[in-house]
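The values are calculated or read from the model by the stated rules, or taken from the named source; none is laboratory data. These figures come from a predicted structure and were not determined experimentally. We place every Cβ from the backbone using ideal geometry, glycine too, and count neighbours over all the protein chains shown. Keep in mind that these areas ignore ligands, DNA and RNA; they rest on the heavy atoms of the full protein, side chains included. Shrake-Rupley method; radii C 1.70, N 1.55, O 1.52, S 1.80 Å.
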Amino acid sequence: TYPQTLTPERIDWVDYRYRVTRVGPVPFAKIASAEGRQRPLWLVWSEGFSLLDRRCEKLVAKLGDLRPRHEIVITPQGVGEPEERAWLYRFDPH
């Protein structure tokens, strides 16, 4: 999970704004890609969190640079309410 690279079962929202501003999306993308070197990397994100300042979009772009073989598995088009829409990406191993 961004920004702490913890398991995705739960996200710690306490002081999240502070923690997310301390780790940029580019360094996080490098860490996540390196840690999962031999495995696919899955990314789920949803737009609309103003405190993130487009970090998710920047993270997707950097992961795409690091792992050119990737696909968008699910897009939010026509699924869910606007506040619940999300993307699912799969980035193949190096």
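Looking across Val26, Val73, one residue alone is surrounded by 13 or more Cβ atoms within 10 Å (Cβ to Cβ) and either under 12 Å from the mean Cα position of the chain (by Cα) or modelled with pLDDT of 85 or more (or both). It is Val26.
Residue pairs whose Cβ atoms lie under 8 Å apart, sitting 6 or more positions apart in sequence or on different chains, and linking a residue in the stretch 50-72 that is under 19 Å from Thr5 (Cα atoms) and free of Cβ contacts under 8 Å to residues at least 60 places away in the same chain to a partner that is small (Gly, Ala, Ser) and in a helix (DSSP H, G or I), are Leu59/Ala29; Lys62/Ala29; Leu63/Ala29; Leu63/Ala32; Leu63/Ser33; Leu66/Ala29; Leu66/Ser33; Arg67/Ser33.
Considering (1) at pLDDT 85 or above; (2) surrounded by 14 or more Cβ atoms within 10 Å (Cβ to Cβ); (3) over 23 Å from Pro76 (Cβ atoms), the lone condition that Leu41 does not fulfil carries the number (3).
In the set (1) closer than 14 Å to Phe91 by Cα; (2) open to solvent by 70 Å² or more (accessible area, probe 1.4 Å), Arg10 fails one condition alone, (1).
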